[in-house]
Structure formats: structure tokens, C-alpha cells
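The values are calculated or read from the model by the stated rules, or taken from the named source; none is laboratory data. The structure displayed is predicted, hence computed values, not measured ones. Cβ placement follows ideal geometry from the backbone for every residue including glycine, while neighbour counts extend to all protein chains displayed. Remember, those area values only see protein heavy atoms, side chains included, never the ligands or the DNA or RNA. Shrake-Rupley method; radii C 1.70, N 1.55, O 1.52, S 1.80 Å.
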Amino acid sequence: MNAKGTLNLLESFRRYSPRASFIFMSTNKVYGDAPNLLPLVELGSRWEIVADHQFFERGINESMTIDQSTHSLFGVSKTAADLMVQEYGKYFGLNTVTLRGGCLTGPAHSGAKLHGFLAYLTKCLLTKREYTIFGYGGKQVRDNIHSFDLISMMLEVSAEPKSGAVYNVGGGRFSNCSIIEAINKLYEITGKRLSYKIAEENRTGDHIWWISDVTKFQRDYPNWTQKYDFSALLGDICDGLDKRLSGFE
């Protein structure tokens, strides 16, 4: 659906509004499980890339291969759409920009079991549900970007569009955590302990460590800055969800 729907949008864009800007929200799932081949070390509460790594110390940049790895059917569909957006920009000279997002979240995020882990984790805590961690001892790492910071990125792109450009976008080194670290931070914020269990089997194609390197975007759009670090982001999610839950009572 991602591939076919995006193709329909691109063709309509090319025919009827070629002077506009087309911003595609892609995903880090286009890289499949290739990031798991990086040299990682297990620390007390997280996995981390080895120190002073030549290419990815700041996080994973756009040079990471999208080929020869296990994605998921969702990841494959997004990859096809991702490439079409690039091709329409380069082949037809249109303003198309692809943003490959990590974990995108915020105070209004309705997280689900397999997607939006910070929001769903918080929901489980506040509604007293047991949370299941899938593999890696809960030490898998994700960067998380607040919806405010993501929309700020899009506004920068719309003001100065590119043709066929691709950017990894996410919290980067500014905002990231492991699941265990998120659980501990939630306790600091709320004083409540989450009930959880760790399943031995990880999800197919799941990343052990993902932090986006946003250097390329910051270089092309130097006016963009991040407002929400991990603590501020999680606090905002807690406040937003608490207000919604209170309104339902």
C-alpha cells in the first residue's frame, strides 16, 4: 500500500502541481536489519556502537546500505516508495525530499503494541498493563524525535526544497534511550513502576541499536534545532496521556 499509494501521489504531483514540494515520510526500516551487523557492545542498560567508529559514531547516516538485508513487508513497501520519491525528484527535476524517520512521537501519540514504543510503554504504565519487551534484554536502543521537532524539519524543507534529497531524521544523540532506560526514566517522572516481561525472541528484522545521524540535515538546514531531549519528550508524553486518560474517566 505504501508503494502503490505513493506512486499515485507522485504522478498526480508531477502532472498537476510540479512547482510544489513533495515531502515523503519514510522510515529507518528501509535499512532492514543491516544496522545489526555493526560492531556493538553490551553495556549495563543498553547496546552501543564501539567507541570512535569510523562512520557511525554520531549515529547511522544515509550511507548505510538498504540492500541485502531482512526488512519486513512493511519495510520493503516503504523502501519501494522511498526510491520512487527520489527518482521522481531526480528524473523529472521535481522538489522531492525523503525523511527516513526513527521513532516519531509526541504527547498525542496513540502508541500500539508493535509501534510507537514510548507512547505505548507510558500507556501501559498509567493503565497498569503488563508490557512485553521483545528480545535483546530490553537494551535495544532507539532515538526518539518529538512531533514539534519533526514538523520544524518539514517547515525548513518546504521553505528551501531539494530535488531527490534523502535525510535520516530522528532524535539522534540528542534524544535516545533503550527500553530499560525508558522504564527507569518513567519511574523518575511518575514514581510508578511498570510491570513488564522480556520475551526471548526478538521481532524479525528488528534493530538492536538505532540512532539517526542528522548531520546531513543540519548541514543543509542550519536554522533547524531540536527542542525536546529524551527527558523533556517523555515528560510531555506522560502529561498528554494523563490528560487524555483523565478526560475518559
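Observations on the model:
- Tallying residues that are in contact (Cβ under 8 Å) with a residue 24 or more places away in the chain, surrounded by fewer than 21 Cβ atoms within 10 Å (Cβ to Cβ) and not in a loop (DSSP other than H, G, I, E, B) within segment 85-100 yields 4.
Residue-wise test of (1) modelled with pLDDT of 95 or more; (2) more than 16 Å from ILE23 (Cβ to Cβ); (3) touching a strand residue (DSSP E or B) at 6+ places or on another chain (Cβ under 8 Å); (4) among the aliphatic types (A, V, I, L, M).
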| residue | (1), (2), (3), (4) |
| --- | --- |
| ALA159 | yes, no, no, yes |
| TYR167 | yes, no, yes, no |
| GLY171 | yes, yes, yes, no |
| TYR187 | yes, yes, no, no |
| GLU201 | no, yes, yes, no |
| ASP206 | no, yes, yes, no |
| TRP209 | yes, yes, yes, no |
| PHE217 | yes, no, yes, no |
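- Candidates in segment 205-231 are the residues that are touching a residue at least 12 places away in the same chain (Cβ under 8 Å) and in a helix (DSSP H, G or I); of these, the one that is farthest from THR105 (Cα to Cα) is ASP220.
- Scoring GLY172 on the criteria (1) more than 20 Å from LEU234 (Cβ to Cβ); (2) in contact with a helix residue (DSSP H, G or I) (Cβ under 9 Å, 6 or more places away or on another chain) leaves a single failure, condition (1).
- Scanning segment 60-76 finds no residues that are within 18 Å of the chain's Cα centre (by Cα), among the hydroxyl-bearing types (Ser, Thr, Tyr) and outside any loop (DSSP other than H, G, I, E, B).
- Restricting attention to segment 126-165, the residues that are touching a Cys at 6+ places or on another chain (Cβ under 8 Å) and either under 25 Å from ILE66 (Cα atoms) or in a helix (DSSP H, G or I) (or both) total 6.
- Scanning segment 166-204 for residues that are open to solvent by less than 10 Å² (accessible area, probe 1.4 Å) and part of a loop (DSSP other than H, G, I, E, B) yields GLY170, GLY171, SER175.
- A residue that is assigned to a loop (DSSP other than H, G, I, E, B), modelled with pLDDT under 95, touching a His at 6+ places or on another chain (Cβ under 7 Å) and more than 18 Å from ARG219 (Cα to Cα) occurs somewhere in segment 113-125.
- Residue, farthest from VAL76 (Cα to Cα), within segment 21-46, restricted to residues that are hydrophobic (A, V, I, L, M, F, W, C) and surrounded by 13 or more Cβ atoms within 10 Å (Cβ to Cβ): LEU40
- Counted residues, segment 14-40 - those being part of a helix (DSSP H, G or I) and either of a type in the set (S, T, N, Q) or touching a Lys or Arg at 6+ places or on another chain (Cβ under 9 Å) (or both): 5
- Subset of segment 140-161 (residues that are over 17 Å from ASN223 (Cα atoms) and surrounded by fewer than 22 Cβ atoms within 10 Å (Cβ to Cβ)): SER147
- Conditions (1) surrounded by fewer than 17 Cβ atoms within 10 Å (Cβ to Cβ); (2) hydrophobic (A, V, I, L, M, F, W, C); (3) touching a strand residue (DSSP E or B) at 6+ places or on another chain (Cβ under 6 Å): number failed by LEU118: (1)
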